[in-house]
Structure formats: C-alpha cells, structure tokens
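What follows is a set of notes on a single structure, which appears directly below.
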Amino acid sequence: MDISALVAQLSGELDDQAFKASDLLAQKNSTEVVNEMVKLLEHSNDESKILAARTLGLIENNSEALDALLEAIDKNPKIAGELLVHLDGFDLSEKYVALFKLSLFGSFKVSSVAQDLLDHKEFNITPRVLKKAKKAWHHYENNVKHDELFDLKKMEVEELLADLQSFIDSE
C-alpha cells in the first residue's frame, strides 16, 4: 500500500484499520511520512491529529516534526494530553523549558504527562535553560492562587530548580 492511501486512512472518519495504517507509516520511516503527519496535525478531526502524533512518535527519524507537534499541543488544549503522550518517542533534550511550562500551566493530564517526561528523559541543562525555567516559575508564581496546592508545588519546583542550579555549578 502506498503512503497516500495509508495517510487517507488516518484522515477524517477512522475505522478499525487506522492503527494498522499508523504502524505501517511509521515503519516506512521516511521524510515523506513525517511531512504528511505534520500536515495531518492540522486536520479538523481530533482523532486524526492524535494518530498523526502517534505515528510521529513511532518514527525513528522524527526530529523535524517535534516543533510542529509542540505547536499542535499548544493549539489543541482539548486533546493536548493525548498528543503530549506521543512525545515519548522524540529526542526532547533541547525542550526542557517547553515541557516545564506545560507541567506548570497545563491541565491535570498535560501537567502529569509533562512532569513524567521531565522525570524520565535526558535534557541539555545550561545556565540559559535554568534562567528560562526560573522565569516560567516566577510567571506561574505571580499568576495563580496561593493555596495549599500552590505551597506543595512551590516546594517541589524550588527543590527542582535548586537541583538544576547545583548541576550547573558542578560542571
């Protein structure tokens, strides 16, 4: 089956063959498939977007699609958690701040998935990354209700930022 026919199976009304088509597209591991999946991230059907993200997460050479998937997560808050799950298949080493912001400002699911990625992926932490993370934290700190949940979050984040600072200072 050719790529366009498989992509068509992920567009619009999905049937029971959609996951199989996603798997087959991922196995092709080509720039053409990546480009088609990036286009599909802008489809009007949310299920098509989720399957595009799934396919991209399964493709070995998917780095070109990372920014497009992060943009789709921002543009689609209703399905952001389902899209975010598929970032696990990407090299996120340069996306610490983006994930940190999602962990702070996202819905419960988005925040949980982003935090899991932060906890289990490797990142390139530089003084600039730490500065941006601190800036995001201060923005969050100044724009949310200060209650018991905030106090817990504050303890966790300040410990995390201190650990990052120690890491940078030790290099």
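The values are calculated or read from the model by the stated rules, or taken from the named source; none is laboratory data. Just so it is clear, the structure is predicted and the values come from calculations on it, not from any experiment. As a convention, Cβ positions derive from the backbone with ideal geometry for all residues, glycine included, and neighbour counts pool all protein chains shown. Remember, those area values only see protein heavy atoms, side chains included, never the ligands or the DNA or RNA. Shrake-Rupley method; radii C 1.70, N 1.55, O 1.52, S 1.80 Å.
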Query - Estimated Rh, the chain: Kirkwood, alpha-carbon pairs, angstrom - result: 17.2 Å
Query raised in the report: Rounded to the nearest 10 Å², what accessible area does residue 82 show when all protein chains are kept and the probe is 1.4 Å?
Result: 70 Å²
Query - FRET efficiency, 1/(1 + (r/R0)^6) with R0 25 Å, evaluated for residue 122 and residue 158 via beta carbons - result: 0.65
Query raised in the report: Considering only protein heavy atoms and a 1.4 Å probe, what is the carbon-and-sulfur percentage of the accessible area of the stretch 66-164?
Result: 52 percent
Query raised in the report: So how exposed is residue 95, as accessible area in Å² (1.4 Å probe, rounded to 10)?
Result: 50 Å²
Query - Cβ-defined net charge surrounding residue 125, 13 Å radius [Lys, Arg +1; Asp, Glu -1] - result: +1
Query raised in the report: Applying the Karplus parametrisation 6.51 cos²θ - 1.76 cosθ + 1.60 with θ = phi - 60° to the phi angles of the stretch 11-26, what ³J(HN,Hα) value in whole Hz is obtained for each residue in order, glycine and proline being reported as x?
Result: 9, x, 5, 9, 10, 5, 8, 4, 5, 5, 5, 4, 4, 5, 5, 5
Query raised in the report: Counting only the heavy atoms of the protein chains, how much of residue 158 is accessible to a 1.4 Å probe, in Å² to the nearest 10?
Result: 90 Å²
Requested in this report: Determine the order of 126, 31 by accessible area, beginning with the largest, at a probe radius of 1.4 Å.
Outcome: 31, 126
Report task. Skip the ligands, DNA and RNA, and give the accessible area per residue of the chain with a 1.4 Å probe, whole Å². Result -> 58 Å²
Query raised in the report: What does the charge add up to near residue 73, with Lys and Arg as +1, Asp and Glu as -1, over the other residues with Cβ less than 12 Å from its Cβ?
Result: +2
**Report entry** Helix 148-170 axis, angle to the chain major axis (alpha carbon atoms, nearest 10°)
**Finding:** 90 degrees
Requested in this report: For the chain, find the longest principal axis of its Cα atoms and tell me its angle to the long axis of helix 66-75, 0 to 90°, nearest 10.
Outcome: 80 degrees
Requested in this report: Would you mind checking the tilt of helix 108-120 against the longest principal axis of the Cα atoms of the chain, expressed as 0 to 90 degrees and rounded to 10?
Outcome: 80 degrees
